[in-house]
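Let me begin by presenting the structure, written as structure tokens, before commenting on it.
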Amino acid sequence: MNLLWLEDFLAVAATGNFSRAAEDRHCSQPAFSRRIRALESWVGVELLDRSSQPAELTEAGEWFSAVAKEILARVARVPEEAQRLAEANSATLRLAATHALSFTFLPRWLRSLESNTPLGPVQLMSDVLQRCEALMLNGKVQFVLSHAHVDARGVLDAAPFTSTQIGTDVLLPLSVADGKGKALHPLRDDQDHVVPILRYSDESGLGRIMHALLDRRLDKFVYRTVFTAHLASVLRPMVLDGRGIAWLPKTLVEDDLRSGALVPAAGPEWSIPVAIKLYRDDKFLGSGAERLWQMLNTA
């Protein structure tokens, strides 16, 4: 029996019209009719009453219609079920992380975990948050690592996804230092002072946080956006080049702060504390991933 015969049968069962069903199945009518006859021969009974126009299902045909749909649905689920079975025994962790955390937080975090328990292989995909979210939604990764804030929620902050906080960070308003160690571009409320701002694009998770928490507050200043990019790692050298102010993760600029190359452009009330979260789907992720999740939530 050929699975294509089941699709042929359901096509003609829907209308009773052999010509239309053959056209829908991209087949000549004689060849289509032979395939239906071959199916009936395999089943051992007639499934269609051809004496009426349009053709009607026999009693056996009515029963077999439900059976054919069930068989095709079951076959369609086989690849997904096979993949889940393989993942259930897989030790590989599939993780998507935003660029800023991939460069700074992630290596230290993995090292601290491995000092207690071997993690096995890790497959990392580094991208902007919007694409990391898409990887999770499409089942391509088990975890997403990103900055998060309660006032800037994303698609992973709702069911069927859950998260656990594994660290903290701060977005600091920073400028390159002038010759006296002060901010070259201070955030100052002065009608004669235009504040140059370096922003994150909409695809960026840090951009989502800035949009939610800073846009209205900045409206009291005279400012202009002089540069926009997806990545904090791109904005950082622009700040160091004296282009303006950017809110950069402290985890990314610790060396610049220690050396005095970058300095605060505004008071501490303009800093944004953020969480570092690991997101997952609530379905079973496989033995290796579930061990990691259990370790994080029992520590």
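The values are calculated or read from the model by the stated rules, or taken from the named source; none is laboratory data. Values in this document were obtained by computation on a predicted structure and should not be read as measured data. Neighbour counts are summed over all protein chains in view; Cβ atoms, including those assigned to glycine, are modelled from backbone coordinates with ideal geometry. These area figures cover heavy atoms from the full protein model, side chains too; ligands, DNA and RNA do not enter into them. Shrake-Rupley method; radii C 1.70, N 1.55, O 1.52, S 1.80 Å.
Using +1 on the beta carbon of Lys and Arg, -1 on that of Asp and Glu, and nothing else charged, what's the dipole of the range 1-135 about the Cα centre, debye to 20? List each step's numbers first, then the result.
Working: 14 positive and 17 negative charges, 122 e Å.
Dipole magnitude for the range 1-135 comes out near 580 debye.
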TODO: Find the relative contact order for the chain and round it to a whole percent, using C-alpha pairs within less than 8 Å whose residues are 6+ positions apart.
DONE: 22 percent
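Normalising by the residue count of the range 156-209, find the relative contact order in percent from Cα pairs under 8 Å and 6+ residues apart. It would help to have the intermediate numbers written out before the result.
Working: 23 pairs, mean separation 7.8, N = 54.
The value is 14 percent.
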Open item on the list: Which three extents, in angstrom, do the Cα atoms of the chain have along their principal axes, listed largest first?
Closed with: 97, 50, 27
TODO: Give a quick list of chymotrypsin sites (Phe, Trp or Tyr not before Pro) in the range 216-294 that DSSP marks as loop, anything other than H, G, I, E or B, with at most 14 other Cβ atoms within 10 Å.
DONE: 284
TODO: Starting from the Cα-Cα distance between residue 115 and residue 170, subtract it from 0.36 nm times their residue separation and give me the gain in nm to one decimal.
DONE: 17.2 nm
Task: Largest to smallest principal axis extent of the C-alpha atoms in the range 143-259, angstrom - done: 51, 32, 19
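Where only protein heavy atoms count, and the probe is 1.4 Å, what is the accessible area per residue for the chain in Å²? It would help to have the intermediate numbers written out before the result.
Values: 15830 Å² over 299 residues.
Normalised by residue count, the accessible surface of the chain is 53 Å².
Tell me the mean residue ellipticity at 222 nm calculated for the chain from its helices only (DSSP H runs of n ≥ 4, each -39500 (n - 2.57), averaged over every residue, nearest 500). Let's see the in-between values first.
Working: 12 runs with 133 residues, N = 299.
Roughly -13500 deg cm²/dmol at 222 nm, from the helical runs in the chain.
Which percent of the accessible heavy-atom area of the range 123-279 goes to carbon and sulfur, probe 1.4 angstrom?
Working: 3600 of 7450 Å².
Taking all protein chains in place, the range 123-279 shows 48 percent carbon and sulfur surface.
Counting Lys and Arg as +1 and Asp and Glu as -1, each charge on the Cβ, what is the dipole of the chain about the Cα centre in debye, to the nearest 20?
On the way: 33 positive and 36 negative charges, 171 e Å.
Around 820 debye, computed over the chain.
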TODO: Could you size up the charge dipole of the range 1-47 around its Cα centre, putting +1 on the beta carbon of Lys and Arg and -1 on that of Asp and Glu, and report it in debye to the nearest 20?
DONE: 120 debye
TODO: Report, by chain and number, residues whose modeled amide H sits under 5 Å from the one on residue 245, excluding near sequence neighbours (fewer than 5 apart, same chain).
DONE: 197, 198
Task: Beta bridges per DSSP with both ends in the chain, % antiparallel, nearest 5 - done: 60 percent
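Equivalent-ellipsoid semi-axes (√(5λ), Cα gyration tensor) for the range 4-152, whole Å, largest first? Let's see the in-between values first.
Working: eigenvalues 597, 60, 29 Å².
They are 55, 17, 12 Å, listed from largest to smallest.
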Task: Interatomic Cα distance distribution for the range 168-221, bins of 10 angstrom, percent - done: 20, 46, 30, 4
Open item on the list: Per residue of the range 97-103, what does 6.51 cos²θ - 1.76 cosθ + 1.60 with θ = phi - 60° give for ³J(HN,Hα)? Whole Hz please, x for Gly and Pro, Karplus curve as stated.
Closed with: 9, 5, 4, 4, 6, 4, 7
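Using packing as a proxy for protection, rank 204-211, 66-73 so that the peptide with the highest average count of other Cβ atoms within 10 Å comes first. Write down the numbers at each step before the final one.
On the way: 204-211: 23.0, 66-73: 12.8.
Averaged packing, sorted descending, gives the order 204-211, 66-73.
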